1. How much FRET efficiency would the formula 1/(1 + (r/R0)^6) give for Ser205 and Asn244, where r is the Cβ-Cβ distance and R0 is 25 Å, rounded to 0.05?
2. Put Arg389, Arg551 in order of accessible area, largest first, 1.4 Å probe: what do you get?
3. Might you work out the accessible area of Val198 for me, using a 1.4 Å probe with all protein chains in place, and round it to the nearest 10 Å²?
4. With a 1.4 Å probe and every protein chain left in place, tell me how much accessible area Lys583 has, in Å² to the nearest 10.
5. Ile315's amide H: which non-local residues (gap 5+, or another chain) put their own amide H closer than 5 Å, with H modeled 1.01 Å from N in plane and none for Pro or chain starts?
6. What pairs from Lys489/Lys573; Lys309/Lys354; Lys291/Lys336; Lys291/Lys321 go past 21 Å between their alpha carbons?
7. Please report how far the C-alpha centroid of the stretch 526-565 lies from that of the stretch 287-314, rounded to the nearest whole angstrom.
8. Probe 1.4 Å, all protein chains in place: accessible area of Tyr493 in Å², nearest 10?
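The values are calculated or read from the model by the stated rules, or taken from the named source; none is laboratory data. Only a predicted model underlies this, so the values are computations on that prediction, with no experimental measurement involved. Here Cβ is always computed from backbone atoms with ideal geometry, including for glycine, and neighbour counts include all displayed protein chains. Accessible surface is based on the protein model in full, side chains and every heavy atom, while ligands, DNA and RNA are left aside. Shrake-Rupley method; radii C 1.70, N 1.55, O 1.52, S 1.80 Å.
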Amino acid sequence: MRQKLQVLRRVEATRLLLFAGLVFILIVGFQYVNVQYSSVVFLLSAEDKIPISRNDNNGTLLPSSESETLSVKSMSSSNIYHAPEVDGREDVLERKRIVSDEGHILDSEMKDLQDTFMEDDTDNDNESPDFETRRSSNKSLSSPSALPPEDLPTDIESTEDASTNSDYERKEKLEILENESDHSVDKLAPEVEKLVQVPNSGVFSISQMMSLLNQSHNSHVSRKPRWSSPVDRELLYARNQIENSPIIENDPLLHASLYWNLSMFKRSYELMEKMLKVYVYREGKRPIMHKPVLKGIYASEGWFMKLLKSSKTFITKDPHKAHLFYLPFSSKMLEKTLYVPGSHSDKNLVEFLKNYLDMISTKYRYWNRTEGSDHFLAACHDWAPSETRRYMGNCIRALCNSDVTEGFVFGKDVALPETTILFPRRPLRAVGGKPPTQRPILAFFAGGMHGYFRPLLVKRWGGSKDPDMKIFSQMSKGKDMKRYIQYMKSSKYCICPRGYEVNSPRVVEAIFYECVPVIISDNFVPPFFEALNWESFAVFVMEKDVGDLKRILQSIPDEKYRKMQMRVKMVQKHFLWHAKPEKYDIFHMILHSVWFNRVFQS
């Protein structure tokens with residue numbers, strides 16, 4: 001009898017266990033189906049149609065209220081709008097996948113960073129003239145002859161002598177034809193046109209640029225999130241803290257005259273150090289993705305990528321906590337890898353970026369939440385504005401070619417410093433300059449004849465026409481590099497004229513060698529414009545006034561020059577690269593500009 005009772009109890013226990021297991025399986029299965037497919041069920045109930053992103057004629061992504069619809073049966077894997085959590089549920093499976101996939105990311109990236117530090121110092125910036133023929137501003141792509149290599153600081157990488165008058169005339173005529181063939185280059189970005197009218201002169205002054213920046217911050221040019229996130233509240237908190245920052249008249253490390261508003265800058269920087277989290281997409285194949293160039297005139301984008309990815313302060317593994325999402329591609333490697341010499345077309349380059357974004361927006365939900373306005377990129381190549389304008393137009397774009405007339409949007413885009421790195425292992429080699437009393441030269445320039453303006457500069461002041469104005473067309477390789485640096489260290493003013501585009505590495509070089517920059521480039525937005533008052537330590541001359549250049553410089557009182565030169569030395573720390581980032585250095589300043597614009601988009 002006792003044995004029968006034991007058998008019955010075992011049978012009953014087995015049944016209970018089986019029943020409990022069945023219930024558990026049903027619960028897990030229901031939860032899986034509900035979480036994984038709730039978005040699809042929701043969309044199917046809406047007449048089998050889903051909203052997708054599309055672009056208007058200007059390449060701007062339209063908000064969801066203006067989206068087109070597609071049948072589910074015919075939808076592709078790209079440009080899909082992924083619905084937010086239903087009934088407040090978290091996407092558990094996605095979070096598990098993120099954690100499992102990211103467990104090894106830092107180890108692999110640290111190895112990559114060690115490799116980049118040990119790269120050979122061979123020159124990888126010397127491209128063929130044909131590669132540089134196609135211009136970044138959507139000018140004519142059918143020029144009859146190749147243009148010289150692009151703007152280099154000392155022209156030691158250039159092998160062509162473009163100093164003959166016939167060559168000047170040929171390039172001037174070529175650029176006139178290019179400009180006449182496509183008037184679209186004169187159009188401003190829609191966001192800018194809404195804020196201010198173009199001045200009668202066609203040139204924006206620094207004060208007008210600042211007005212544009214303030215207006216854009218007040219008008220919220222970014223897209224509103226499709227669904228809320230805790231980071232939105234954190235950004236609103238940061239904005240309120242910055243706008244109501246305690247008054248600081250001066251600081252031991254920061255001189256008030258260098259900044260538009262020292263109090264706001266310092267508070268914003270402090271909040272960045274305390275709060276900012278950046279998620280870096282690990283997707284993308286080398287060398288276009290994750291392969292920074294650390295030498296040459298495009299080194300800014302490479303050094304920033306390298307230092308950001310190795311940061312333990314700003315990088316987060318959890319994208320739900322990210323205030324910003326970094327798109328880790330190199331505009332230099334994009335050109336070097338995909339551009340077809342002689343094609344005069346960037347179609348395959350733009351298509352590569354589109355396909356990358358399609359993959360990102362399909363795999364993750366974060367791009368679709370803000371249509372990319374919380375994503376950012378750092379690109380230094382001249383062609384980057386045109387390549388990123390269409391599909392990355394909503395992103396915060398840190399661009400060396402920061403031209404108001406080529407779609408640079410104040411309050412969203414960031415002016416990236418163009419820095420020449422000749423020795424990646426020693427980025428601060430030769431930094432510094434002579435005191436004002438040991439600078440006998442009034443003004444100095446040496447460079448290739450890129451664009452229409454530089455030949456005018458050399459024609460007016462070149463050679464030995466004026467002992468106070470050391471203006472040269474080109475310097476050869478070798479020992480002339482030291483000669484170039486000595487000229488900068490011995491000159492009061494260093495001329496920074498535009499080339500084919502508005503940007504030039506000479507702006508940062510002048511600061512590097514403690515020479516007052518003279519920026520002659522209409523509509524160029526100088527680096528860190530959100531924070532720095534450039535008119536306190538640099539001179540701006542309109543291109544049309546090149547004939548009066550010497551008179552303008554001589555009219556500056558010596559006392560004012562000495563103050564500007566002292567401020568150049570004080571602002572220098574904001575433009576220096578360090579293997580290990582230091583407070584207020586160029587890495588932190590680039591990141592701060594992106595952070596500041598992100599905060600004021602909220």
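1. Efficiency, from the Cβ-Cβ distance: 0.30.
2. In descending accessible area the options line up as Arg551, Arg389.
3. Spelled out: Val198, probe radius 1.4 Å, area about 80 Å².
4. Counting only protein heavy atoms, the figure is 100 Å².
5. Sorted by chain and number, the residues that satisfy this are Val278.
6. Beyond 21 Å: Lys309/Lys354; Lys291/Lys321.
7. First find each Cα centre; the distance between them is then 32 Å.
8. Probe radius 1.4 Å; accessible area of Tyr493 about 10 Å².
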